[in-house]
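This report refers to the structure that appears directly beneath it.
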């Protein structure tokens, strides 16, 4: 569908005067807004998650990623430095790297053999001086003036981030203290990938961004815990927000007895549940802060989870205005015992495309996408837990995390 | 033996496609394993896939969960199976076969939901052939929407 981009989307959209407690349904389906997000948001002063550092360990390793819809390649050069470039040849714009991951000394476009080093600098072009003295580039052609478009890169706790903007503050500043501390807690040790898959969800990417910040829906939509009488509702927990509101941590503490447990002691089925195989929820204690469930979001599209012993990074990437790919990368620590890896495997059943407490998210956002068709001029109502954007220590019956997302979104988009 | 194993594979698919999922765990030995994993992870020797059951009990929990707890739009599968290859290894048979699973939504929308290979270890369990392990290796890393019914 060909829809012209409105020049002043902000005026045209007219965000409701109630502010972040209302969201115009139109933002989930308007191709013009979607196109603007590619420029103002994904190429704006934010850090986009690109990949994990463990995916590109050796010199010459590369891995494809996307920033919004822009194809990106992340490399590690011969000196160990990490680079990220738009995966678009400086010549005709073809994709340069075709495989999802690989290892090479140089990146060469298959179309006309323009070849780049691992930092994206053009090294050579085919037939530069012509063939048998005829043809070739003009005399003043200079390889130094052509390169793959570069992103700035920062690595934090093994997470590789990239940004197009010179105005983006350093990653730790971007995250703020609370957020940085939790990422350091969960990913600050050497880790390795235990498995990965993705799922296509048929909704706008922002519906999933809301969904992972929505601590209100967790025990209502995902009824596995309650149906099987897994002790959960009486857990202490809360919702922590970064100072700017756009990143969040939803956390829970399983019980207070937990804290006195020996570090990493395996304790069997505390859950007085109705499960035939309660060993799925056997856990070992990893941290002495009592936090047993933690879903952390980093604006705009990254999630770090440690649910019981299931450690994972999720990220989602727009594939069109009403289509999103959600990736799940399951992790373990490099010094995990075989038994600990086994428990991470058992608890991987909780999340992912077939997750016992997450599979509903594969369809619920699509239900919103479908439900709001024809109602683009109406708004969502987000007043659970108040109308402000602030941490909610002690209660997860709140939509403060979602309001925080919209606060960050509106600022970037000028809405 | 080939006939008995082919019957097992057909019964398994028919049972899932007909929606009679309570019978699904019975195709496995008591300590039977079932896993759905992407080809990418399988080839890399990674332990975590998309779904894992380490016992019949875990399969029963899955069925109980999808009947009473999980929320999703009603749908059904249709399995198309390829001819299995059998290899006797001691008391068990290593069996490989291809599958294609269509997903039929309540509005009639029919899509190719999954293609891949079953890697099975089948034993005689009290005179009946059962899976000691069944691994569905998916050709694609992507699942459309969600996965709740076993493959």
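The values are calculated or read from the model by the stated rules, or taken from the named source; none is laboratory data. Since the structure is predicted, the reported quantities are computational estimates derived from the model, not experimental observations. When we count neighbours, we look across all protein chains shown, and the Cβ atoms used for this are built from the backbone with ideal geometry, even at glycine.
Residue A:213: touching a strand residue (DSSP E or B) at 6+ places or on another chain (Cβ under 8 Å), away from chain B (no Cβ under 14 Å) and buried (at least 22 other Cβ atoms within 10 Å of the Cβ), yes or no? Before the answer, list the steps.
Numbers: touching a strand residue (DSSP E or B) at 6+ places or on another chain (Cβ under 8 Å): yes; away from chain B (no Cβ under 14 Å): yes; buried (at least 22 other Cβ atoms within 10 Å of the Cβ): yes.
Judged against the criteria, residue A:213 is a match.
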Quick check on region A:386-412: of everything there that is touching a residue at least 60 places away in the same chain (Cβ under 8 Å) and over 25 Å from the mean Cα position of the chain (by Cα), which residue is farthest from the other protein chains (Cβ to nearest Cβ)? A:387
Restricting the search to region A:233-249, which residues are at pLDDT 95 or above and under 18 Å from residue A:288 (Cα atoms)? A:249
Provide a single number: the residues in region B:83-118 that are in a strand (DSSP E or B) and farther than 18 Å from residue A:366 by Cβ. 22
Single residue of region A:364-385 satisfying the filter (without any contact (Cβ under 8 Å) to a residue 12 or more places away in the chain and closer than 15 Å to residue A:203 by Cβ) that is farthest from the other protein chains (Cβ to nearest Cβ): A:371
Residue A:324 fails exactly one of (1) more than 22 Å from residue A:297 (Cβ to Cβ); (2) more than 9 Å from chain B (Cβ to nearest Cβ); (3) surrounded by 24 or more Cβ atoms within 10 Å (Cβ to Cβ), namely (1)
It is to be established whether one or more residues within region A:327-336 are more than 12 Å from chain B (Cβ to nearest Cβ) and in contact with a strand residue (DSSP E or B) (Cβ under 9 Å, 6 or more places away or on another chain). yes
Restricting attention to region A:72-81, does a residue exist that is closer than 23 Å to residue A:325 by Cβ, touching a strand residue (DSSP E or B) at 6+ places or on another chain (Cβ under 9 Å), at pLDDT 95 or above and surrounded by fewer than 17 Cβ atoms within 10 Å (Cβ to Cβ)? no
I need the full set of residues from region B:14-40 which are part of a strand (DSSP E or B) and away from chain A (no Cβ under 13 Å), in order please. B:29
Starting from residues that are surrounded by 14 or more Cβ atoms within 10 Å (Cβ to Cβ) and assigned to a strand (DSSP E or B), keep the ones in region B:63-82 and report whichever is farthest from the other protein chains (Cβ to nearest Cβ). B:81
Scanning for something within 14 Å of chain B (Cβ to nearest Cβ), crowded, with 19+ Cβ neighbours inside 10 Å and either closer than 23 Å to residue A:71 by Cα or at pLDDT 95 or above (or both), does region A:176-191 turn up at least one residue? yes
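Tell me, please, whether a residue that is assigned to a loop (DSSP other than H, G, I, E, B), out of contact with any helix residue (DSSP H, G or I) (no Cβ under 9 Å at 6 or more places or on another chain) and away from every other protein chain (no Cβ under 11 Å) can be found in region B:138-150.
no
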When region B:98-128 is checked residue by residue, the ones that are surrounded by fewer than 19 Cβ atoms within 10 Å (Cβ to Cβ), over 16 Å from residue B:78 (Cα atoms) and touching a strand residue (DSSP E or B) at 6+ places or on another chain (Cβ under 6 Å) are B:119, B:121, B:123, B:125
Strands (runs of 3 or more DSSP E) wholly inside region A:284-391 that include at least 3 residues being touching a helix residue (DSSP H, G or I) at 6+ places or on another chain (Cβ under 7 Å) and under 26 Å from residue B:149 (Cα atoms): A:310-318, A:324-333
Taking region A:278-313 and keeping residues under 18 Å from the mean Cα position of the chain (by Cα), more than 18 Å from residue A:158 (Cβ to Cβ) and within 14 Å of another protein chain (Cβ to nearest Cβ) leaves A:307
So, residue B:45, is that one at positive phi and loosely packed, with under 15 Cβ neighbours inside 10 Å or not? yes
Filtered residues of region A:97-125 (kept if assigned to a strand (DSSP E or B) and surrounded by 14 or more Cβ atoms within 10 Å (Cβ to Cβ)): A:101, A:102, A:107, A:108, A:115, A:116, A:121, A:122
